[in-house]
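**Student:** Just dropping this structure here.
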Amino acid sequence: MSWHPQYRSSKFRHVYGKAASKEKCYDCVPITRNVHDNHFCAVNPHFIAVVTECAGGGAFLVIPIHQTGKLDPHYPKICGHKGSVLDIKWNPFNDFVIASCSEDATVKIWDIPKHLLTRNITSPKKELLGHVRRVGLIEWHPTANNILFSSGYDYKIMIWNLDTKEAVISNPVKILDAHKDVVLSMSFNTDGSLLATACRDRKIRLIDPRAGTVLQEASYKSHRANKVLFLGNVKKLFSTGTSRWNNRQIALWDQNDLSVPLLEEDLDGSSGLLFPFYDSDTHMLYVVGKGDGNIRYYEISPEKPYLNYLMEYRSHLPQKGIGMMPKRGLEVSACEIFRFYKLIPTKSLIEPISMIVPRRSESYQEDIYPLTTGAQPALTAQEWLNGVNKGPVLVSLRPGSGAVNSLPQFPEPEPLMKTTDLSHHQGRGERMPLEDMQKPSEIEDSRKQLKVEEKFLKNEKMCLSNGFDIFECPPPKTENELLQMFYRQQEEIRRLRELVNQRDVQIKQLELELRNICMDTGSY
């Protein structure tokens, strides 16, 4: 009989939530009083956007992320909608583009200027007209550029291609008409090839968005789902909702079998909605309660019991909505693995809450920061519409690192790798990053070898592939970029060969000097 310990070994067992100090909060923000069940907040490393209360029409604020403290009551708004704004989402590949949807049945795309706003923005970059009733949800595609999904109270999900010059788009590229009631939640898997939805008819559906077909449908009557979330890298779905007795409930589903949940658990008897958030890098799941101040967090495992409760962050201030900072905007020096922005309308306050792994060392903790989704699209809109699937472009959160394609498509040619290896051994580890191609003086100056060697050792995990640094420059995506990269590689090969020849000359000179010294010593 085997003995199983009562505790689990996990590096995230002691994660704790830390609320920001008063001066690092956003005060005097007129947060919306709308009762729609959405986050009402969107965050990226540059801005925080929040839906506001306003008289007539709908508006939202876009505040620079570092502009904390009290907000000017006359701060400019984005106010082009004729009805209340119901959802806002930042473009994951452009931190200065945001989408909004409203009760006026439109979706609008806005360009946010890089300088501080000085006046209200009323003219959108694009306007999407297709829904006949109010639009309650929008979602950007996770890997394809300029693909947007919108869901309205006309029970339709529309797919929009924004890669057009038209300012007003009336025809979506695809309409998903598989629901018989209002869609309450949408979630993509990792590469965006599957879409999970939760509907007001309490059914969870798994949809192929390009074909428009329903692959799986869950009609489990003991769990009435409100929100659904794809746990993409473990091939599971997570949903929050209510039980038969109106208790708040969570459930975990197998992506390939939605007939019965793998796990269901009652949490409490509160009436507020539960918003789920998943961090695929740490396999941590956060459940945020609307109308209370609690954030429960769990760790997902591939085997039973699947869901391992870690801890609960508690606060006496209830949240109306919640925003989430992308991983590339976190403070890695403080071992921060997640950050929420909590909307507290009773105090007109937005409070950042950091989830922190307690570590004594101040150095970069590589074990809690694996490669994560970056800000570069893996596909163009047309490629995705044509049926191509590709995982996200990954980046390292280590300071000074850049993007690396999760699926490298260009094999390494033999002659170039031999040349690169030769320069590595004979040039004492001298690297040739793409930026240094424009600096022949640095290449020809062989007396800087020690400094270059130190730099190489410091960045030893950065590697050359196809003649360019894959952490600093992503692989080309168009024919023109491919030609440019080819010419740059040819130039780099030429420079590397010159460098090798210089090293050969130096070696021969040193050998001659050594031979002369030996002969002089022998003559004595």
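**Student:** Give me the residue from region 378-400 that is in a loop (DSSP other than H, G, I, E, B) and among the polar types (S, T, N, Q) and, out of that set, surrounded by the fewest Cβ atoms within 10 Å (Cβ to Cβ). Break it down into steps so the answer makes sense when it comes.
**Tutor:** Restricting attention to region 378-400, the residues satisfying the condition of being in a loop (DSSP other than H, G, I, E, B) are 378, 380, 386-393, 396-400.
Restricting the remaining residues to those that are among the polar types (S, T, N, Q) gives 380, 386, 389, 396.
Values: T380: 18, N386: 10, N389: 18, S396: 21.
Going through the qualifying residues, I end up with N386.
**Student:** Turning to a different aspect of this structure: Could you figure out which of (1) in contact with a Pro (Cβ under 7 Å, 6 or more places away or on another chain); (2) under 22 Å from A167 (Cβ atoms); (3) not small (G, A, S) isn't true of T143?
**Tutor:** Looking at each condition in turn, T143 falls short on (2).
**Student:** Evaluate region 226-246: report whether one residue or more is part of a loop (DSSP other than H, G, I, E, B), small (G, A, S) and in contact with a His (Cβ under 6 Å, 6 or more places away or on another chain).
**Tutor:** The first filter runs over region 226-246 and keeps only residues part of a loop (DSSP other than H, G, I, E, B), leaving 235, 243-246.
From what is left, the residues that are small (G, A, S) are 243.
Adding the requirement that they be in contact with a His (Cβ under 6 Å, 6 or more places away or on another chain) leaves none.
Scanning region 226-246 turns up no residue that is part of a loop (DSSP other than H, G, I, E, B), small (G, A, S) and in contact with a His (Cβ under 6 Å, 6 or more places away or on another chain).
**Student:** Collect the residues in region 153-172 that are in a loop (DSSP other than H, G, I, E, B) and touching a residue at least 40 places away in the same chain (Cβ under 8 Å), keeping them in residue-number order. Break it down stepwise before answering.
**Tutor:** Restricting attention to region 153-172, the residues satisfying the condition of being in a loop (DSSP other than H, G, I, E, B) are 153-156, 162-167, 170-172.
Passing the criteria: L162, D163, E166, A167, S170, N171, P172.
**Student:** Another question, if that's okay. For region 195-216, what are the residues that are open to solvent by 30 Å² or more (accessible area, probe 1.4 Å) and under 18 Å from D254 (Cβ atoms)?
**Tutor:** K203, D208, V214, L215, Q216
**Student:** Also, quick follow-up: Could you list, in sequence order, all residues of region 126-152 that are of a type in the set (K, R) and free of Cβ contacts under 8 Å to residues at least 40 places away in the same chain? Walk me through it before giving the result.
**Tutor:** Here is the first cut: in region 126-152, the ones of a type in the set (K, R) are 126, 133-134.
The answer is R133, and nothing else.
**Student:** If you don't mind, there's one more thing I want to ask. Which residues, counting only those in region 292-318, are within 19 Å of S270 (Cβ to Cβ) and touching a helix residue (DSSP H, G or I) at 6+ places or on another chain (Cβ under 9 Å)?
**Tutor:** L317, P318
**Student:** Assess whether G57 counts as being at pLDDT below 90, over 30 Å from P305 (Cα atoms) and open to solvent by less than 40 Å² (accessible area, probe 1.4 Å).
**Tutor:** Values: at pLDDT below 90: yes; over 30 Å from P305 (Cα atoms): yes; open to solvent by less than 40 Å² (accessible area, probe 1.4 Å): yes.
So G57 fits the description; yes.
**Student:** Given the criteria surrounded by 15 or more Cβ atoms within 10 Å (Cβ to Cβ), modelled with pLDDT of 90 or more and in contact with a helix residue (DSSP H, G or I) (Cβ under 8 Å, 6 or more places away or on another chain), does D254 qualify?
**Tutor:** no
**Student:** Out of the residues in region 79-114 that are among the charged types (D, E, K, R) and more than 23 Å from D37 (Cβ to Cβ), state the one that is surrounded by the fewest Cβ atoms within 10 Å (Cβ to Cβ).
**Tutor:** Keep residues of region 79-114 that are among the charged types (D, E, K, R), which gives 82, 87, 89, 95, 103-104, 108, 111, 114.
Subsequent filtering for residues that are more than 23 Å from D37 (Cβ to Cβ) retains 95, 111, 114.
Details: D95: 19, D111: 14, K114: 9.
That would be K114.
**Student:** Here's another thing I want to ask about it. So, in region 38-66, exactly how many residues are in a loop (DSSP other than H, G, I, E, B), in contact (Cβ under 8 Å) with a residue 40 or more places away in the chain and on the phi < 0 side of the Ramachandran plot?
**Tutor:** Going through region 38-66 one residue at a time, the tally reaches 6.
**Student:** Anything in region 284-326 that is closer than 25 Å to Q255 by Cα and charged (D, E, K, R)? List them, or say none.
**Tutor:** Residues satisfying the conditions are R296, E299, E303, K304.
**Student:** Right, something else. What pairs come out if I take residues in region 270-296 that are open to solvent by 10 Å² or more (accessible area, probe 1.4 Å) and pair them with residues that are assigned to a strand (DSSP E or B) and basic (K, R) whose C-beta lies under 6 Å away, six or more apart or interchain?
**Tutor:** Listed by first residue and then by second, the contacts come to S270/R248; P276/K227.
**Student:** So, restricting to strands (runs of 3 or more DSSP E) that lie completely within region 279-327, which ones have at least 1 residues that are under 16 Å from Y16 (Cβ atoms)?
**Tutor:** Numbers: elements: 284-289, 295-300, 307-313, 321-324.
Counting at least 1 such residues, we get 284-289, 295-300, 307-313.
**Student:** Of everything in region 187-225, what is among the aliphatic types (A, V, I, L, M), assigned to a loop (DSSP other than H, G, I, E, B) and either modelled with pLDDT under 90 or over 25 Å from the mean Cα position of the chain (by Cα) (or both)? Give them in sequence order. Lay out the reasoning, then the answer.
**Tutor:** Narrowing region 187-225 to residues among the aliphatic types (A, V, I, L, M): 194-196, 198, 204, 206-207, 211, 214-215, 218, 225.
If we keep only those that are assigned to a loop (DSSP other than H, G, I, E, B) as well, we get 194, 211.
Listed by number, the list holds a single entry, A211.
**Student:** Looking at region 148-158, is at least one residue open to solvent by less than 10 Å² (accessible area, probe 1.4 Å), touching a helix residue (DSSP H, G or I) at 6+ places or on another chain (Cβ under 9 Å) and at pLDDT 95 or above?
**Tutor:** Within region 148-158, none of the residues are open to solvent by less than 10 Å² (accessible area, probe 1.4 Å), touching a helix residue (DSSP H, G or I) at 6+ places or on another chain (Cβ under 9 Å) and at pLDDT 95 or above.
**Student:** I'm told K70 meets every condition in (1) touching a Pro at 6+ places or on another chain (Cβ under 8 Å); (2) surrounded by fewer than 19 Cβ atoms within 10 Å (Cβ to Cβ); (3) charged (D, E, K, R) except one. Can you identify the failing condition by its number?
**Tutor:** Failing condition for K70: (1).
**Student:** Follow-up question, since we're still on this one. Run D445 past the list (1) out of contact with any Leu (no Cβ under 6 Å at 6 or more places or on another chain); (2) at pLDDT below 50; (3) surrounded by 15 or more Cβ atoms within 10 Å (Cβ to Cβ) and report the number of the one that doesn't hold.
**Tutor:** (3)
**Student:** Same structure, new question: So I121 fits all but one of (1) open to solvent by 40 Å² or more (accessible area, probe 1.4 Å); (2) in contact with a Phe, Trp or Tyr (Cβ under 8 Å, 6 or more places away or on another chain); what number is the exception?
**Tutor:** In the conditions (1) open to solvent by 40 Å² or more (accessible area, probe 1.4 Å); (2) in contact with a Phe, Trp or Tyr (Cβ under 8 Å, 6 or more places away or on another chain), I121 misses (1) alone.
**Student:** Among (1) at pLDDT 90 or above; (2) under 30 Å from I350 (Cα atoms), which single condition is L262 missing?
**Tutor:** Only one criterion is unmet by L262, namely (2).
**Student:** Right, next: Kindly provide the set of residues from region 329-377 that are part of a loop (DSSP other than H, G, I, E, B), touching a strand residue (DSSP E or B) at 6+ places or on another chain (Cβ under 8 Å) and polar (S, T, N, Q), ordered by number.
**Tutor:** S348, Q376
**Student:** For region 100-147, name all the residues that are closer than 22 Å to E383 by Cα and not charged (D, E, K, R).
**Tutor:** Step one: filter region 100-147 for residues closer than 22 Å to E383 by Cα, giving 109, 126, 128, 138-147.
Across region 100-147, the qualifying residues are I109, L128, I138, W140, H141, P142, T143, A144, N145, N146, I147.
**Student:** Cβ-Cβ below 6 Å, separation at least six or inter-chain, first residue in region 77-104 and under 21 Å from I322 (Cβ atoms), second open to solvent by 30 Å² or more (accessible area, probe 1.4 Å) and acidic (D, E): which pairs?
**Tutor:** S84/E103
The values are calculated or read from the model by the stated rules, or taken from the named source; none is laboratory data. Note that the structure is predicted; figures quoted are calculated from it, not measured. Note that we place each Cβ from the backbone using ideal geometry, even for glycine, and neighbour counts take in every protein chain shown. Surface accessibility is based on the protein's heavy atoms, side chains included, excluding ligands, DNA and RNA. Shrake-Rupley method; radii C 1.70, N 1.55, O 1.52, S 1.80 Å.
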